[in-house]
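Quick note: the coordinates plus some simple rules give every number you see, no bench work behind them. Bear in mind that the values here come from a model prediction, so they are computed numbers and not experimental data. Positions of Cβ are generated from backbone atoms using ideal geometry, with glycine treated the same way; all protein chains shown enter the neighbour counts.
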């Protein structure tokens, strides 16, 4: 079990670990929906690999939450909770849409994860720090992949540029939830376990603005924000996803394979 400093309850540590695990699992499931449907075979493999990386990160985090809890397993967290018990950000549960929307979503999330994992490597929780160190290497590829496509599509044809701009306009309202600290974030940061939200937000905003400007893309005119995922208030998309993902386990409780 990871060693930590004073001031962090076990319940807080579990909740903090689960929110990042939920992010990974939900987005990995979304990317899995691209299997055999991507624009070409190379991209089909690339998106699948990103999804598998995220699934692996989620499993490590769920396993650690189970270790902290002492009773639950990663499968319990993945298959036996309803949408109100999930604490992922709303961004990752959004439907794939077209390829442009998937790429913009990935750029936004991978940029967030890059700075998250970089900071968590210095966490006083040794297990979280080790998970972050492994995940950071994978996320570097995820970010490089999405940046490449943002450049190609943003500076490509009239159609590709228009689709990218539409994707940015549609998804930007979910960006603030990535960057705004709630009480749990504050407590874990003060305990030396979690990340410092203001520094992450500044780095994320600078990076995203640079990527968009480099691809001749603009921030949306409407900067209205929507949040609630961290508190368990989700869009209908998550409930539908979980119904599909959990049906086998719930239909055959206790089964192993």
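In the chain, the longest principal axis of the Cα atoms and the axis of helix 41-69 are about 20 degrees apart. If you bin all the Cα-Cα distances of the stretch 1-76 at 10 Å, starting from zero, the percentages per bin are 20, 39, 23, 13, 5, 0. A full extension of the chain between residue 96 and residue 210 corresponds to an added length of 38.7 nm, given 0.36 nm per residue minus the alpha carbon distance.
Building the convex hull from the alpha-carbon atoms of the stretch 93-222 and averaging its projection over directions returns 8.0 nm². Using only Cα coordinates, the Kirkwood hydrodynamic radius of the stretch 29-135 works out to 15.3 Å. With angles folded into 0 to 90 degrees, how steeply does helix 158-171 sit against the dominant principal axis of the chain? Use alpha carbons for both and round to 10. Once rounded, one gets 30 degrees. Taking one quarter of the surface of the C-alpha convex hull of the stretch 94-157 gives a mean projected area of 4.7 nm². Using the Kirkwood radius over C-alpha pairs as Rh, can you work out the diffusion coefficient of the stretch 85-131 via Stokes-Einstein at 37 °C, viscosity 0.692 mPa s, in µm² per second? The diffusion coefficient I find is 266 µm²/s.
What percent does the relative contact order of the stretch 100-241 come to when contacts are Cα pairs within less than 8 Å and at least six residues apart? Let's see the in-between values first.
On the way: 154 pairs, mean separation 44.0, N = 142.
That works out to 31 percent.
Over every Cα atom in the stretch 181-231, the radius of gyration and the widest Cα-Cα span, Dmax, amount to 14.4, 41 Å.
Taking every C-alpha pair closer than 8 Å and separated by at least 6 residues, the mean separation divided by the residue count of the chain gives a relative contact order of 26 percent. Measure nothing but the geometry: give the 0 to 90° angle between the long axis through the Cα atoms of 236-251 and the longest principal axis through the Cα atoms of the chain, rounded to 10°. Taking the Cα atoms of the chain, the angle to 236-251 is about 50 degrees.
With the contact rule set at Cα under 8 Å and sequence spacing of 6 or more, what percent relative contact order holds for the stretch 1-103? Present the calculation step by step, with values, prior to reporting the outcome.
On the way: 97 pairs, mean separation 38.4, N = 103.
So the answer I get is 37 percent.
Remark: spin-label model distance residue 237-residue 218 equals 2.5 nm, labels positioned 7 Å along the Cα→Cβ axis.
Compare the peptides 8-18, 194-204 by average per-residue count of other Cβ atoms within 10 angstrom and give them in order, highest first. Numbers along the way, then the final one.
Details: 8-18: 18.8, 194-204: 17.3.
With the highest mean Cβ count within 10 Å placed first, the list reads 8-18, 194-204.
With the Cα gyration tensor of the stretch 158-257 giving a ≥ b ≥ c as the square roots of its eigenvalues, does the rule (a/c under 1.5 for rounded; else a/b larger than b/c for prolate; else oblate) give rounded, prolate or oblate?
On the way: a/c = 2.50, a/b = 1.31, b/c = 1.91.
It is oblate, given that a/c is not under 1.5 and a/b is not larger than b/c.
Taking 39, 95, 220 in turn, the Gaussian network model of the chain (Cα-Cα springs below 10 Å) assigns the largest fluctuation to 39. Cβ crowding within 10 Å, taken as a proxy for footprinting-reagent exposure, orders 164, 241, 108 from fewest neighbours to most as 241, 108, 164. For 234, 252, the sequence from fewest to most other C-beta atoms within 10 Å is 252, 234. With helices as the sole contributors, the chain gives -22000 deg cm²/dmol at 222 nm; each DSSP H run of n ≥ 4 counts as -39500 (n - 2.57), and the sum is divided by every residue.
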